[in-house]
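In what follows, a single structure is set out as structure tokens and then discussed.
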């Protein structure tokens, strides 16, 4: 158990509304990631963070923003949700460098439906 | 950039059949390679990994060998069970430089095992 909690786990919203997904971790990991999962595309990286206030874009960052004001929380925001953002969103952490061989550990996912 | 290609799915097998899921990759340097499994309604779990050429990762009867000469990391199991029904993802991590430990995923392969 990597101590990752995502919230909400399920959300239905309407086009044009803002949405924030939260990823909370309890083990002081430096690196955190947001991925989206869609059929036929596997998981694609949206944004990632390598420390408090240090974030960068992944391959599918358009329409998303992130914030990390403290180590334990990494927020993903859809400023104005669109139907193309209907997906399952996964947060992941990378264990501290010592003993790590590069694997990530994932939360249970947040299913977002945009009507 | 880095990329991972998995065999097209879905794959349907009878219990006790032999399983192979092909995975090939394109990457600079010496990536680490992973197989993740996602059971219905759950997040991704690390199934096995290999960090250098000719390494064999194994877990729960599954095996995969890191073949640098063919840039492949095929997943195999000698005798599948109904409980192996899941989605399987091949992934790589180029941990050096400015990659920040990001994982690049294949598109996933759905496996269904019938009694």
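Quick note: the coordinates plus some simple rules give every number you see, no bench work behind them. Since we're looking at a predicted model, the values are computed, not measured. No Cβ is skipped: glycine too gets one built from the backbone with ideal geometry, and neighbour counts run over all protein chains shown.
For the range A:2-113, max minus min Cα coordinate along each principal axis, in Å, sorted largest first?
On the principal axes, the range A:2-113 reaches 43, 31, 23 Å in Cα extent.
Once the protein assembly as shown is represented by equal point scatterers at the alpha-carbon sites, with solvent omitted, what log10 I(q)/I(0) does the Debye formula produce at q = 0.08, 0.11, 0.16 Å⁻¹?
Once normalised to I(0) and log-transformed, intensities are -0.29, -0.55, -1.12.
Hey, how much of the P(r) for the range B:1-58 falls beyond 19 Å, as a percent of Cα pairs?
44
What translational D, rounded to a whole number of µm²/s, comes out for the range B:1-105 from Stokes-Einstein when the hydrodynamic radius is the Kirkwood one over Cα pairs, at 20 °C and 1.002 mPa s?
Estimated via Stokes-Einstein, D reaches 152 µm²/s.
Obtain the nm distance between the two label points defined at residue B:100 and residue A:108 by a simple spin-label model: each point lies 7 Å from its Cα along the Cα-to-C-beta direction.
2.8
Measuring from label point to label point, each 7 Å out along Cα→Cβ, what is the residue A:12 to residue A:41 span in nm?
2.3
Could you please state, rounded to a whole Å, how far the C-alpha centre of the range A:24-48 is from the C-alpha centre of the range B:55-98?
Value for the Cα centre distance between the two parts: 20 Å.
Would you mind computing, in nm to one decimal, how far apart the modelled labels at residue B:76 and residue A:86 are, each placed 7 Å from Cα along Cα→Cβ?
Taking the simple label geometry, residue B:76 and residue A:86 are separated by 4.2 nm.
Using the 2.2 N^0.38 Å rule of thumb for compact globular proteins, work out how the range B:43-115 stacks up: its C-alpha Rg over that value, please.
Against the compact-globule rule of thumb, the ratio is 1.21.
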